[in-house]
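Have a look at the structure below, then the notes.
The values are calculated or read from the model by the stated rules, or taken from the named source; none is laboratory data. The structure displayed is predicted, hence computed values, not measured ones. Methodologically, a virtual Cβ is constructed for each residue, glycine included, from the backbone with ideal geometry; neighbour enumeration extends over all protein chains shown. These area figures cover heavy atoms from the full protein model, side chains too; ligands, DNA and RNA do not enter into them. Shrake-Rupley method; radii C 1.70, N 1.55, O 1.52, S 1.80 Å.
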Amino acid sequence: MRSISSFAILITTATGLAAGPVFTIDATRSTGKVSPKLYGLMTEEINHSYDGGLYAELIRNRAFLDDAKSPVNWSVVKDDASAATIALDPANPLNDKLPTSLRLAVTQATKNHPAGVANSGFWGIPVHPKTEYHASLWARAEASFSGSLTVSIMSDDGRTVYASAIISGLTAGWKKFEVTLKTGNVTPTAQARFAIMLDQPGTVRLGLVSLFPPTWKDRPNGLRKDIMQMLVNLNPQFLRFPGGNYLEGNRISERFPWTKTLGPIEDRPGHPSNWGYRSSDGMGLLEFLEWCEDMKAEPVLAVYAGYSLEGDYIKAGLELEPFAQDALDEIEYVTGDTNTTWGARRAEDGHPAPFNLTYVEIGNEDGFDKSKSYAGRFAQFHDAIKAKHPQLKLISSDPWVQVEGHKPDMVDMHDYSAADEFIKKSSNYGADMNRQGPEIFVGEWAAHEDASARPWEAASWKLPPTPTMKAAIGDGVFMAAMERNADIIKMHCYAPLLVNVNPGARQWRPNLIGYDALSAYGSPSYYAIQMFSRNVGDEILPVTFSGTSVQSCATRDSHTGEIIVKLVNPEMTPQSLPIEIMGVPTLKSKATVITLSASPEDTNSIRRPRNVVPVTTTLSGVKPGFIFTMPPYSVVVLKLETR
Ligand code: AHR
């Protein structure tokens, strides 16, 4: 895009507008096609994105593996007249995948004074009215115990039982029990826990314990409905997973272990993640793929490429071969026919149909690999994957990697900048991009309010978990810049996507969507992205502007002829913009205007989820030359109908 420098003389434009600042959209030509996959999502296990977030499991430390020494997040429930103890029992594991269990020894209990164990979930068990929860647990009893277990969702103080069910028939061997817990017309609360109680003395062992509320599309082992609805509302065309740093792990042994994330949840040991807590791996490879399917988004699969965060790496060559093979197996799991080994495994896991896959990313942020081993590793993965799947487009996670004969199809360029920095650099963004070079994927980006706050450091976590309107302005100008360059920038996605807002849950800020156990909300940035991603044309129209700090982009929907103009006003004053559309004889006089406007420090939160949201209005008197006044500090989408 070319910015015309500001000049003070009033001019009369072709459409008769006498104007100082001029904003022109040239609809006589297009500078390129907008990629249909421009807007998508990036995700990883960070900030309790899955465990305690999108993944609807309510029991924290369900397999008792979060800590090797004690059953963290589990506690004894008893009163003055009952007694019990709990301990990890690795000598009596549930199976060879989950190498421990919980021993619950109730030494004193009666009907009126039961004793047992409780789990308070991820910052509370959410109790919703008239809701059915699916509880399952593995249990076995010592011979001396022939009683039953009462499982319930109860208040933290134990005074209110919201739902309960009895489990009987425990034996000396492991057995799986499943019950439905149904709440009545209760007031929603998260001051609740899940309890397993005995009303007589006895010793039982518990294997994997699980509790699910209703899930998106009722999928077993599924996703939280409110967060999914918010994601679907972003109209994402792809999902980049499983990371991010989460793909790499701190050490090679802690990379995303996709093979161990398959099958029944009692076969998934989970793994330590780089973000400081253990992942249950309930969100396994198939769940990621079904998540894509449910959003009608395509997977952008990142495969582990032999480099981990603390600097361990595998040199290209023989040693790296098993890792390249692992990536091929993973691709086969995603795309293979059921007569292939991994395609058959996918069918066994419940999804015979292969998934569509176009893009595979080799590693994550391998530009940080100080050993400079990525060129060799990229080449080896490139050759292995292209030999078997020539149609796949391979993304280099180091945008600057150069390997003779192994040009990446696409490069992933991350950009976390302060809002002011985005405002400064966005007006001329893309001018130096090599149109002959690989396509560009901005696989992680976000405007931060303050350049000096390091997002991964505890100091920044004192700030609210999700961004303010100031950041949304930075996001807006950057998205406009990317859309103007959508001929070469084929995909982009904000990061991180999700954050559990409870103290201690987060490792990064800002994040797009916040939630606690009961509800979720979108930040102003969420709404800015939604306004952009739900209003995309397919032809890029050149825009020029002068005498204004408003930044913009314009596209046309070639099917309907609609011209979509996106404008971002970073000023604290309204901006009157003479808008001229060249090459369009008439416009319908009424246009749709979607506006997000607030003070820089305004934001949304659990308590005020809709403090800053877009407002849709109708504008009259629209013609190929008209004056549009933007509110202060605003992101605006103008939808102009030409037919
Ligand atoms: O988005 C948070 C982290 O930022 C990602 O895990 C990593 O890829 C980047 O450095």
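Here are some notes:
- Of all residues in region 358-374, those being away from the ligand (no atom under 15 Å from the Cβ), open to solvent by 30 Å² or more (accessible area, probe 1.4 Å) and touching a strand residue (DSSP E or B) at 6+ places or on another chain (Cβ under 8 Å) number 2.
- Sole residue being under 30 Å from VAL334 (Cα atoms) and open to solvent by less than 70 Å² (accessible area, probe 1.4 Å), chosen from PHE478, PHE422, PHE381: PHE381
This table checks each residue for (1) more than 16 Å from the ligand (Cβ to nearest atom); (2) open to solvent by 50 Å² or more (accessible area, probe 1.4 Å); (3) over 23 Å from ARG219 (Cα atoms); (4) assigned to a helix (DSSP H, G or I).
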| residue | (1), (2), (3), (4) |
| --- | --- |
| TRP291 | yes, no, no, yes |
| TRP342 | yes, yes, no, yes |
| PRO352 | yes, yes, no, no |
| GLY376 | yes, no, yes, yes |
| ILE385 | yes, no, yes, yes |
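- Within region 512-556, the residues that satisfy the criterion of being among the polar types (S, T, N, Q), under 18 Å from the mean Cα position of the chain (by Cα) and closer than 16 Å to LEU638 by Cα are GLN530, SER533.
- In region 408-417 there is at least one residue that is outside any loop (DSSP other than H, G, I, E, B), closer than 27 Å to LYS566 by Cα and acidic (Asp, Glu).
- Filter result (touching a residue at least 60 places away in the same chain (Cβ under 8 Å), assigned to a loop (DSSP other than H, G, I, E, B) and either within 16 Å of the ligand (Cβ to nearest atom) or more than 24 Å from LEU394 (Cβ to Cβ) (or both)) within region 430-462: ALA431, GLU449
- Within region 387-408, being surrounded by 14 or more Cβ atoms within 10 Å (Cβ to Cβ) and either modelled with pLDDT under 95 or within 16 Å of the ligand (Cβ to nearest atom) (or both) holds for ILE395, SER396, SER397, ASP398, PRO399, VAL401, VAL403, HIS406, LYS407.
Listed here are the residues, each with its yes/no results for (1) within 15 Å of the ligand (Cβ to nearest atom); (2) assigned to a strand (DSSP E or B); (3) at pLDDT below 95; (4) surrounded by 24 or more Cβ atoms within 10 Å (Cβ to Cβ).
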site: MET491; (1), (2), (3), (4): no, yes, no, yes
site: ASN502; (1), (2), (3), (4): no, no, no, no
site: GLY514; (1), (2), (3), (4): no, yes, no, yes
site: LEU518; (1), (2), (3), (4): no, no, no, no
site: MET531; (1), (2), (3), (4): no, no, no, no
site: VAL536; (1), (2), (3), (4): no, no, no, no
site: ILE540; (1), (2), (3), (4): no, yes, no, no
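- Here SER253 passes the criteria (1) open to solvent by 10 Å² or more (accessible area, probe 1.4 Å); (2) farther than 22 Å from ASN502 by Cα; (3) in a helix (DSSP H, G or I); (4) touching a residue at least 60 places away in the same chain (Cβ under 8 Å) except the one numbered (4).
- Any pair with Cβ under 6 angstrom, 6 or more apart, that starts in region 489-512 at a residue that is closer than 30 Å to GLN436 by Cα and ends at one that is open to solvent by 10 Å² or more (accessible area, probe 1.4 Å) and part of a loop (DSSP other than H, G, I, E, B): LYS490/SER35; MET491/LYS37; MET491/GLY40; CYS493/GLY40
- Looking across region 463-475, the residues that are more than 15 Å from the ligand (Cβ to nearest atom) and either open to solvent by less than 10 Å² (accessible area, probe 1.4 Å) or part of a strand (DSSP E or B) (or both) come down to MET469, ALA472, ILE473, GLY474.
- Subset tally (residues that are open to solvent by less than 10 Å² (accessible area, probe 1.4 Å) and under 25 Å from CYS493 (Cβ atoms)) for region 552-568: 9
- The one condition in (1) open to solvent by less than 40 Å² (accessible area, probe 1.4 Å); (2) more than 16 Å from the ligand (Cβ to nearest atom); (3) closer than 21 Å to ALA495 by Cα; (4) at pLDDT 95 or above that VAL411 fails to fulfil: (2)
- In region 401-422, the residues that are closer than 11 Å to GLY474 by Cβ and hydroxyl-bearing (Ser, Thr, Tyr) reach residues that are within 16 Å of the ligand (Cβ to nearest atom) and open to solvent by 50 Å² or more (accessible area, probe 1.4 Å) with C-beta atoms within less than 8 angstrom, at least six apart or across chains, in these pairs: SER417/ALA451.
- Beta carbons closer than 8 Å, at least 6 apart along the sequence or on distinct chains, pair a first residue in region 216-245 that is at positive phi and basic (Lys, Arg) with a second that is away from the ligand (no atom under 16 Å from the Cβ) and modelled with pLDDT of 95 or more for LYS217/ASP294.
- Pairs where the first residue, in region 316-328, is more than 17 Å from VAL360 (Cβ to Cβ) and the second is of a type in the set (D, E, K, R), C-beta under 8 Å, 6+ apart: ALA316/ARG377
- Hey, SER576 open to solvent by 40 Å² or more (accessible area, probe 1.4 Å), closer than 23 Å to THR617 by Cβ and assigned to a strand (DSSP E or B) or not: yes
- Among the residues of region 293-314, those that are touching a strand residue (DSSP E or B) at 6+ places or on another chain (Cβ under 8 Å) and under 17 Å from ARG219 (Cβ atoms) comprise ASP294, MET295, ALA297, PRO299.
- Just one of the listed residues (LYS315, LYS296) is open to solvent by 50 Å² or more (accessible area, probe 1.4 Å) and closer than 22 Å to HIS406 by Cβ, namely LYS315.
- Residue tally, condition open to solvent by 10 Å² or more (accessible area, probe 1.4 Å) and of a type in the set (Gly, Ala, Ser), over region 53-65: 1
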